[in-house]
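The values are calculated or read from the model by the stated rules, or taken from the named source; none is laboratory data. No experiment lies behind these values; they were computed from the predicted model shown. Every residue, glycine as well, gets a Cβ built from its backbone with ideal geometry; the counts of neighbours run over all protein chains shown. Calculation scope for accessible area: heavy atoms of the full protein, side chains included, ligands and nucleic acids excluded. Shrake-Rupley method; radii C 1.70, N 1.55, O 1.52, S 1.80 Å.
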Amino acid sequence: MILKFVIVCALLLFIEFYSYQAFRALIKLRWVLISYQVISLLILFFIIYSFSQIERSVGQTKQFMTATGLMLLVYVPKIVLTLFMFSEDIFRIGASIVNYFVYNVPKKEMMPERRKFVSQIALGLAAVPFLSLIYGIFEGKYNFKVIKQTVFFPDLPDAFDGFKITQISDVHSGSFDNPDKINYAIDLINAQESDLILFTGDIVNTHAKEMHPWLETFKRIKNYKYGKFSVLGNHDYGEYVTWPSEKEKKENFEEIKSLYGQIGFELLLNEHRYIQKGDDKIALIGVENWGKDFAKYGDVDKASQNVSQEDFKVVMSHDPTHWEYVIKNHPKNFHLTLSGHTHGMQFGIEIPGYFKWSLAQYMYKQWAGLYENASRYVYVNRGFGFHAYPGRVGIMPEITVIELKKGNNVA
């Protein structure tokens, strides 16, 4: 533990030293440089203090989220500065060696001075993540996007050709701080002309009480002709805090499960329902949370018991690793799986149809959007809410509308 602390402190000092060099190369006013150092020190103390106040019995707090946002806002740009300034020092050291041994330049003159334009470029590039993170905190986290996706299946029952499903996921109600924005998002959900709505888990961060201020808001989600269904996400089990007793943990879990019913969703716990339209039907299969690096409560075999291989099947499973490791090659042929969980790390770059990148892709093979394997699909929703970092950059909160179409083409 002590060794880790020493390493972190050394790394922070390294970042602070080199980011300061960028400012010192351009700014000559002493009071400005001293102000920069004082502000940097105060921010660092606040971050350390905030993280030291984390209580396992409480979980995520507003102070924790503020500290996380401030840490990213300050240190991501400083890391950019450090990369530039440290690279320049490597160049300067190399140049000084050449000057001394090749050109016989005196020791006092052999080290080249810092180049002003390098600091200018570094500060210009560091401004990009700085401004992006500010935008993410104040605007991005509520910049809701409706993403429409058509998926084709040759064996889709005729009556369901054109059937539309709205999906929401990862609400994380304990993070919300703007009722007007959430009401706007509910209006967006209600504006979609879908037949069915599915909620793929994480209604809270940890505690059931987090959802209490938002119950009336989410009750506004309209009724759908073919129903409103949900499953649990990893945060719904209350496993990220230390509980005074197992009894309190269980009571919280039971209350979280009841929250879904209170906002009008039927919670499926490793079970299925048939959706009937005309003479045709599809199986809706809801599993509890199953994640490669998380608890594995989900049981798709139990959930699909008495569902035949020939039935058209839509699975709700919070974590997309369940699809990757269990569902995509399952002999029962699960046609479409709807997941969430990743949030796209709430940070990335997306140019629809051309480019998509996020740190999430190094942790999850399927992290945002539609993926296919042998004509079986998983759609990963980018999440409705936010967690830890109180913002979103590039990966916006999502309301998904999936249209099922009969055919062989893939859209």
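Quick notes
- For the chain, the relative contact order is 21 percent, taking Cα pairs closer than 8 Å that sit 6 or more residues apart in sequence and dividing their mean separation by the residue count.
- Our analysis of the stretch 353-411 gives Rg over Rh at 1.00, with the two radii drawn from alpha carbon positions and Rh computed by the Kirkwood formula.
- Here the dipole of the chain is about 1540 debye; that uses its Cα centre as origin and unit charges on the Cβ of Lys and Arg (positive) and Asp and Glu (negative).
- Set the Cα radius of gyration of the stretch 65-177 against 2.2 N^0.38 Å, with N its number of residues, and you get 1.99.
- Entry note: the stretch 260-411 has Rg to Rh equal to 0.97, where both radii use alpha-carbon atoms and Rh is the Kirkwood radius.
- Note that the stretch 304-318 has calculated 3J(HN,Hα) couplings of 9, 4, 6, 8, 7, 5, 7, 4, 6, 10, 10, 10, 9, 9, 4 Hz, one per residue in order, obtained from phi through the Karplus relation 6.51 cos²θ - 1.76 cosθ + 1.60 (θ = phi - 60°); glycine and proline are x.
- Amide H to amide H, with H built 1.01 Å from N, Lys145 comes under 5 Å of Glu398, Ile399, counting only residues 5 or more places away or on other chains.
- Heavy-atom accessible surface of the chain: percent carbon and sulfur, 1.4 Å: 61
- Cut-off 20 Å (backbone N to label point 7 Å along Cα→Cβ of Phe91), residues of the stretch 119-154: 119-128
- Amide H contacts of Lys292 (H built 1.01 Å from N, under 5 Å, at least 5 apart or other chain): Thr321, His322
- Intensity falloff of the stretch 37-130 expressed as log10 I(q)/I(0), Debye formula with alpha-carbon point scatterers, at q = 0.21 Å⁻¹: -1.00
- Whole-Hz couplings from phi, Karplus 6.51/-1.76/1.60, listed for the stretch 36-45; x for Gly and Pro: 4, 5, 5, 4, 4, 5, 5, 5, 4, 4
- When the Cα atoms of the chain are aligned to their principal axes, the ranges along those axes come out at 91, 50, 39 Å in descending order.
- Under 5 Å from the amide H of His335 lie the amide H atoms of Lys313, each residue being 5 or more positions distant or on a separate chain, with H modelled from the backbone and absent for Pro and chain starts.
- With the Kirkwood sum run over all distinct C-alpha pairs, the stretch 231-340 has a hydrodynamic radius of 14.8 Å.
- On the basis of the beta-carbon distance and an R0 of 22 Å, Glu139 and Ile351 show a calculated FRET efficiency of 0.70.
- Percentage relative contact order, the stretch 150-308, counting C-alpha pairs under 8 Å, at least six apart: 21
- Of every Cα-Cα pair in the stretch 292-339, the percent that sits beyond 17 Å: 25
- The chain: antiparallel DSSP beta bridges as a percent of all, rounded to 5: 40
- Residue by residue, the stretch 252-262 carries 3J(HN,Hα) couplings of 4, 5, 5, 5, 4, 4, 6, 4, 4, x, 5 Hz when phi is fed to the Karplus relation 6.51 cos²θ - 1.76 cosθ + 1.60 (θ = phi - 60°); x denotes Gly or Pro.
- When the helices of the chain are scored as -39500 (n - 2.57) per DSSP H run of n ≥ 4 and the total is divided over every residue, the value at 222 nm lands at -12500 deg cm²/dmol.
- Top of Pro154, Pro129, Pro77 by mean-square fluctuation, Gaussian network on the chain, Cα under 10 Å: Pro154
- Per residue, the accessible area of the chain comes to 49 Å², computed with a 1.4 Å probe over protein heavy atoms only.
- For the set His207, His318, solvent exposure ranked by accessible area (probe 1.4 Å, protein chains only) runs largest to smallest as His207, His318.
- Measuring max minus min along each principal axis, the C-alpha atoms of the stretch 305-379 give extents of 42, 21, 15 Å (largest first).
- Considering only alpha-carbon pairs that sit under 8 angstrom and 6 or more positions apart, the relative contact order computed for the stretch 1-108 is 34 percent.
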